[in-house]
Each structure stands twice: as C-alpha cells, then as structure tokens.
C-alpha cells in the first residue's frame, strides 16, 4: 500500500513563518561603513576616506564586532565572528578613518 500526500502535514508546514537567514556582522560591515561614510561626507568639509576601523558595541557594552574596511569596501575581521542578534541592539558603531578621527553612530535595530 502506498502512502498518499498527507494534506494535514502540508498545512502544518505552511503555518510556520519562514525564518530569515542568519546574518553575520562580517557580511554587512562593508555596506554599513559605506553608508556611514556617505553621511559624513554629506555633512563635513574635511576629507574622510578609507581604510576605516569599524567597532560595534552591543547594548550590554561588549564589543560584538571589530574589523578594518579597505578602500574597496572589503572587510578584514579583527576579532571573533558574531552573528547579528536582537539582543545586541540598540548598538553603537564607532567608525575611525585613517586620520584617527572617530565618529559615533547609534544603530537602533537590525534590519536585513
């Protein structure tokens, strides 16, 4: 005897919401640094250019990500790899350019 498609199993699977893929800070750091640099360039006269040091401090006060972002926006991680978690937010991002001027940004929530 052959088992047919179980309609209740299909219905049960479709009730569960689709999970978002897990994001790592390493994957989003280049875009984040690029967006932050554009905001700075729009408001300041002085030169602000790569390479950048990017440090993200979570809501608990611990460093959750640290990297260097090159001129080509490629990320070279310096600390341990962490996945993006809701508990890290609101977070503070510190962006330092090659002239060692540091800008601080508040990240309210993670959106992919």
Between 30, 61, which is buried (at least 18 other Cβ atoms within 10 Å of the Cβ) and either at pLDDT 85 or above or touching a strand residue (DSSP E or B) at 6+ places or on another chain (Cβ under 7 Å) (or both)?
30
Is it the case that residue 21 is out of contact with any helix residue (DSSP H, G or I) (no Cβ under 6 Å at 6 or more places or on another chain) and at pLDDT below 80?
yes
Can you give me the number of residues within the stretch 50-96 that are in a loop (DSSP other than H, G, I, E, B) and in contact with a helix residue (DSSP H, G or I) (Cβ under 8 Å, 6 or more places away or on another chain)?
9
Filtering the stretch 103-112 down to residues that are surrounded by 12 or more Cβ atoms within 10 Å (Cβ to Cβ) and not in a loop (DSSP other than H, G, I, E, B), which residue is modelled with the lowest pLDDT?
107
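Looking for whichever is surrounded by fewer than 13 Cβ atoms within 10 Å (Cβ to Cβ), touching a strand residue (DSSP E or B) at 6+ places or on another chain (Cβ under 7 Å) and over 17 Å from residue 35 (Cβ atoms) here; the options are 86, 76. Which one fits?
76
The values are calculated or read from the model by the stated rules, or taken from the named source; none is laboratory data. Here the structure is a predicted model, which is why all the values come from computation and not from measurement. Here the Cβ is made from the backbone with ideal geometry for all residues, glycine too, and neighbour counts use every protein chain on show.
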